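The structure under discussion appears below in the form of structure tokens.
The values are calculated or read from the model by the stated rules, or taken from the named source; none is laboratory data. This one's a predicted model, so the numbers in the text were calculated from it and none came from an experiment. Because the Cβ atoms are built from the backbone with ideal geometry, glycine has one as well, and the counts that use them run over all protein chains shown. SASA here: full protein model, heavy atoms, side chains in, ligands and nucleic acids out. Shrake-Rupley method; radii C 1.70, N 1.55, O 1.52, S 1.80 Å.
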Amino acid sequence: MKVLAVASECAPLVKTGGLADVVGALPKALAPHDVEIRTLLPAYAALVGVKAGKRTALGTLFGGEAAVVEATADDLDLLLLDAPHLFDRPGNPYLDETGADWPDNHLRFGGLCQAAAALAREGLDGWRPDVVHAHDWQAGLVPAYLRLGEGATPPTVVTIHNIAFQGLFSPVTIGDLGLPSSAFTAADGFEYYNQISFLKAGLVFADRLTTVSPSYARELMTPEFGMGLHGVLASRAGDLVGILNGVDTAVWDPQTDGDLAATYSGRARKGKAVNKAELERRFDLPMRPDGPLFCVVSRLTRQKGIDVLLEAIPRLVARGARLAVLGSGDADLEAGIRYATTTYPEQVSAVIGYDEPLSHLMQGGADAILIPSRFEPCGLTQLYGLRYGTIPVVARTGGLADTVIDANDAAMIAGCATGFQFAPVTPEALGDAIERVCDLHADQTAWRAMVGRAMRHPVGWDHAAHAYATLYRSLTATTTP
Ligand code: ADP
Ligand code: GLC
């Protein structure tokens with residue numbers, strides 16, 4: 001089974017969030033299932049160091065020459081779309097140096113989709129994909145180019161990692177993108193309230209749709225979570241499945257993690273205390289024997305409930321707990337976090353920025369991780385928390401609800417709780433959850449038992465890999481070329 005994956009990010013090469021982790025982990029997870037994935041990525045300037053192989057010219061792509069370069073990195077089989085006029089730019093995949101979207105993002109990611117469609121139809125040196133798997137809006141036009149073009153095409157899967165990002169552009173770009181204006185309709189085309197939506201194009205024209213947790217799959221079909229696309233998704237309910245993400249257990253392993261001050265395992269956890277001391281040192285937080293050390297590793301946005309967190313900090317502090325935050329995002333929320341650090345310098349500390357190694361140390365050293373998201377398609381940091389014995393405290397939504405077993409009475413009596421869930425996403429409910437964490441932490445025997453259970457909870461890709469392999473096979477069995 002050969003699969004062409006199409007995405008705008010892929011860890012460890014280029015990452016702004018969980019999408020990259022998933023795109024980077026799936027090929028390794030699916031290899032044992034006899035699925036060979038080649039991943040098409042833009043050749044961003046940041047990828048210069050990647051070991052490049054054969055180059056195949058694609059001709060002109062939206063105003064400049066383009067080629068596909070075969071490359072390997074970290075066991076990944078990559079196809080890099082070399083189109084310097086679109087991708088040879090510094091920094092973030094989507095934003096210029098001022099933090100604004102690149103004005104030609106429709107052509108940049110439309111170009112990625114057109115190149116993917118060409119590879120899907122024509123193959124590369126005799127390699128032809130049996131299935132094309134497009135991730136998020138940046139790859140959303142792939143099914144549209146294939147379905148609206150001529151001739152036979154392989155079946156397509158679109159995965160929604162976050163429906164809040166839809167790839168919306170002015171309809172004046174339809175011609176530039178080489179799309180037929182006849183498909184600019186709301187009912188069965190890619191129109192979304194008078195704009196082109198790349199994501200909607202994917203949802204309408206793909207053979208199958210997936211998202212990254214079963215709960216989010218259900219939520220997406222409701223007005224509250226569907227962000228205007230709930231009707232489209234409900235109409236395709238039979239083709240939509242939620243497959244829970246896993247984590248790359250080789251990269252995220254407290255027994256081998258080189259970013260930790262000390263490694264540890266579920267059975268021998270002494271190293272966790274060493275990491276906690278190092279975390280306190282890095283965040284300049286005085287050591288305290290009482291009260292848990294909470295952490296947050298997150299984009300600082302409203303999706304992630306950071307405004308709610310800010311309002312709950314006084315209760316956290318009143319209980320003698322401490323908080324270390326790593327993140328960046330909205331300016332007002334960054335300012336709010338900074339303000340909390342100056343108000344409670346002994347108990348709240350933050351690093352505003354993006355720091356992959358530090359994110360590992362935080363999972364290794366904190367007692368608990370707070371994730372008060374308003375919506376969360378899957379979420380990965382709670383899975384890292386489980387694996388590192390850093391108890392997840394999560395909003396009961398999407399993939400957070402699907403991965404953490406709340407410490408309610410039934411789960412505590414049965415001895416299966418792995419964390420804390422709360423709802424609704426309000427400062428009061430989050431504050432109550434923080435209090436519950438502090439209460440359990442005060443009972444060190446019960447706390448240690450929960451840490452052990454969290455660390456034993458399976459968070460790898462086995463389950464999801466099987467589900468993706470089955471999905472791909474079902475498509476090749478039913479689709480006639
Ligand atoms: P999302 O993709 O919505 O941001 P996820 O939980 O799926 O949320 O994935 C976030 C990923 O980005 C995780 O791997 C997390 O550790 C990482 N991350 C988020 N913020 C930071 C940061 N400031 N520094 C380092 N890693 C971060
Ligand atoms: C998105 C979602 C996040 C999910 C990630 C990987 O970034 O916001 O919840 O874990 O994609 O699928």
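Within 16 Å of ligand 2 (Cβ to nearest atom), farther than 22 Å from D188 by Cα and surrounded by fewer than 21 Cβ atoms within 10 Å (Cβ to Cβ): does that describe N105? Here the answer is no, as N105 does not meet what is asked. Scanning the stretch 176-235 for residues being farther than 28 Å from Y468 by Cβ and of a type in the set (V, I, T) gives a total of 2.
Taking the criterion of being in a loop (DSSP other than H, G, I, E, B) and open to solvent by 30 Å² or more (accessible area, probe 1.4 Å), the residues of the stretch 235-252 that qualify are R236, L244, D248, T249, A250, V251. For the stretch 193-234, the set of residues classified as under 26 Å from L177 (Cα atoms), outside any helix (DSSP H, G or I) and over 19 Å from the mean Cα position of the chain (by Cα) consists of Y193, N194, Q195, I196, S197, A206, D207, R208, G228, L229, listed by residue number. Among residues of the stretch 378-392 that are closer than 14 Å to T249 by Cβ, those with a Cβ under 8 angstrom from a residue that is acidic (D, E) and more than 6 Å from ligand 1 (Cβ to nearest atom), sequence gap 6+ or separate chain, pair up as R387/D253. Among the residues of the stretch 125-138, are any touching a residue at least 12 places away in the same chain (Cβ under 8 Å) and assigned to a helix (DSSP H, G or I)? Scanning the stretch 125-138, I find at least one residue that is touching a residue at least 12 places away in the same chain (Cβ under 8 Å) and assigned to a helix (DSSP H, G or I), so the answer is yes.
Matching residues to (1) touching a residue at least 40 places away in the same chain (Cβ under 8 Å); (2) within 16 Å of ligand 2 (Cβ to nearest atom):
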{"position": "S8", "(1), (2)": "yes, yes"}
{"position": "D34", "(1), (2)": "yes, no"}
{"position": "A52", "(1), (2)": "no, no"}
{"position": "T60", "(1), (2)": "no, no"}
{"position": "A67", "(1), (2)": "no, no"}
{"position": "D74", "(1), (2)": "yes, no"}
{"position": "D77", "(1), (2)": "yes, no"}
{"position": "F87", "(1), (2)": "yes, no"}
{"position": "Y94", "(1), (2)": "yes, yes"}
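Summed over the stretch 212-227, the residues that are of a type in the set (D, E) and either within 13 Å of L244 (Cβ to Cβ) or more than 15 Å from ligand 2 (Cβ to nearest atom) (or both) give a count of 1.
Could you look through the stretch 260-301, keep only residues that are in the same structural domain as Y354 (by TED's automatic domain parsing) and among the aromatic types (F, W, Y), and pick out the one that is nearest to the chain's Cα centre (by Cα)? Ranking the qualifying residues of the stretch 260-301, first place goes to F294. Go through the residues of the stretch 157-167 one by one and say whether even a single one is away from ligand 1 (no atom under 16 Å from the Cβ), modelled with pLDDT of 95 or more and assigned to a strand (DSSP E or B). For the stretch 157-167, residues away from ligand 1 (no atom under 16 Å from the Cβ), modelled with pLDDT of 95 or more and assigned to a strand (DSSP E or B): present.
Whether any residue in the stretch 51-69 is within 16 Å of ligand 1 (Cβ to nearest atom) and either out of contact with any Ser or Thr (no Cβ under 9 Å at 6 or more places or on another chain) or among the polar types (S, T, N, Q) (or both) is what I want to check. No, the stretch 51-69 contains no residue that is within 16 Å of ligand 1 (Cβ to nearest atom) and either out of contact with any Ser or Thr (no Cβ under 9 Å at 6 or more places or on another chain) or among the polar types (S, T, N, Q) (or both). For A401, the criteria (1) within 16 Å of ligand 2 (Cβ to nearest atom); (2) closer than 15 Å to W252 by Cβ hold in every case but one, which is (2). Restricting attention to the stretch 179-192 and to residues that are surrounded by 15 or more Cβ atoms within 10 Å (Cβ to Cβ) and assigned to a loop (DSSP other than H, G, I, E, B), the residue that is farthest from ligand 1 (Cβ to nearest atom) turns out to be F184. Can you find even one residue in the stretch 56-71 that is assigned by TED's automatic domain parsing to the domain that holds E122, open to solvent by 50 Å² or more (accessible area, probe 1.4 Å) and under 24 Å from the mean Cα position of the chain (by Cα)? No - not one qualifying residue is present in the stretch 56-71. Say whether the condition of being closer than 15 Å to A368 by Cβ and either within 16 Å of ligand 2 (Cβ to nearest atom) or touching a Cys at 6+ places or on another chain (Cβ under 8 Å) (or both) is met by at least one residue in the stretch 333-354. Among the residues of the stretch 333-354, not one is closer than 15 Å to A368 by Cβ and either within 16 Å of ligand 2 (Cβ to nearest atom) or touching a Cys at 6+ places or on another chain (Cβ under 8 Å) (or both), which makes the answer no. Scoring G126 on the criteria (1) within 23 Å of G231 (Cα to Cα); (2) surrounded by fewer than 14 Cβ atoms within 10 Å (Cβ to Cβ); (3) among the small types (G, A, S) leaves a single failure, condition (1). In the set (1) touching a helix residue (DSSP H, G or I) at 6+ places or on another chain (Cβ under 9 Å); (2) open to solvent by 10 Å² or more (accessible area, probe 1.4 Å); (3) modelled with pLDDT of 95 or more, P286 fails one condition alone, (3).
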